[in-house]
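Report on the following structure.
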Amino acid sequence: MKTDTTEKILRRQVAACTRMLHAHGILGYSGHVSVRLPGTDRLLIQSFDRSRAELSPEDLLVVDLDGGVIEAPKNTKPPSELVIHTAILKARPDVEAVLHCHPETATLFTLLEDQPLIPVKNHAIRWADGVPVHPDPGHISSPEQGRDLAATLGKGAACLLRAHGAVLVAESVPALLVDGVHFEENAEALSRTLMMGRAKPLSEDEIAAMRGSFNRERHVAKLWIYYLGLAQGDGTLPEGWAKGL
Ligand SMILES: [Zn+2]
């Protein structure tokens with residue numbers, strides 16, 4: 001283990017975020033969170049098979065942006081869809097953290113002909129410019145597939161993978177947790193809306209007004225503290241993990 005404080009904190013953030021997303025049903029037996037090690041071409045990510053429900057900071061691997069393993073716990077290997085993370089972090093210097101997950105409801109929107117995943121909840125305005133659907137329904141495991149996926153994501157904050165799942169990107173691990181929760185929450189709200197009738201999309205003016213009055217930094221800080229407290233209280237996180245995060 002490195003003794004660098006930043007890496008130490010990031011390891012704890014990734015492990016905590018993974019456990020919390022698992023507790024919310026956004027991660028299951030697969031899916032992963034990665035974070036860039038600041039100022040390097042390396043990232044932290046969990047292994048292929050360590051349980052998302054029990055992930056610890058020391059379980060994480062250090063991998064470079066070409067997929068080379070720099071540091072790994074004994075008998076571990078990176079996830080098979082590692083290229084999702086390396087390709088996006090390579091293509092997007094503005095992104096620090098990446099989530100790949102298989103959210104139940106959001107993924108259903110990759111199978112509808114005429115109904116894109118639009119924002120119906122106010123916090124989903126983050127994705128109001130559209131959530132592209134990557135057409136490849138397969139496992140994203142080759143460098144070419146990773147590059148194609150990064151191209152579909154473009155400059156956006158999320159994309160869906162047809163019949164497969166989603167990719168979200170954010171400026172930090174706490175922000176990624178918040179996005180993960182809001183993304184599926186919005187998909188569920190839209191799904192229920194469509195059962196009640198036709199969805200009336202938010203107008204450009206409504207979106208602009210909400211964006212203008214929204215303080216993302218403050219919102220992320222508030223929800224990160226809330227979810228850490230919740231997870232600490234119900235045992236999702238071991239005693240003392242929330243301290244200093
Ligand atoms: Zn996947």
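The values are calculated or read from the model by the stated rules, or taken from the named source; none is laboratory data. Note that the coordinates shown come from a computational prediction; the quantities given were computed from them, not determined experimentally. Methodologically, a virtual Cβ is constructed for each residue, glycine included, from the backbone with ideal geometry; neighbour enumeration extends over all protein chains shown.
Okay, here's what the table says:
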| read-out | value |
| --- | --- |
| Single residue of segment 204-229 satisfying the filter (under 17 Å from residue 182 (Cβ atoms) and aliphatic (A, V, I, L, M)) that is surrounded by the most Cβ atoms within 10 Å (Cβ to Cβ) | 228 |
| Candidates 104, 96 - the one that is out of contact with any helix residue (DSSP H, G or I) (no Cβ under 6 Å at 6 or more places or on another chain), more than 25 Å from residue 43 (Cβ to Cβ) and either within 16 Å of the ligand (Cβ to nearest atom) or modelled with pLDDT of 95 or more (or both) | 104 |
| Test for residue 53: is it surrounded by fewer than 17 Cβ atoms within 10 Å (Cβ to Cβ), out of contact with any Asp or Glu (no Cβ under 6 Å at 6 or more places or on another chain), touching a residue at least 24 places away in the same chain (Cβ under 8 Å) and not acidic (Asp, Glu) | yes |
| Residue within segment 171-179 that is among the small types (Gly, Ala, Ser), within 16 Å of the ligand (Cβ to nearest atom) and under 30 Å from residue 68 (Cα atoms) present | no |
| Residue check, residue 229 free of Cβ contacts under 8 Å to residues at least 40 places away in the same chain and in a loop (DSSP other than H, G, I, E, B) | no |
| Candidate set: segment 198-220, residues that are free of Cβ contacts under 8 Å to residues at least 24 places away in the same chain and outside any helix (DSSP H, G or I); chosen: the one nearest to residue 173 (Cα to Cα) | 215 |
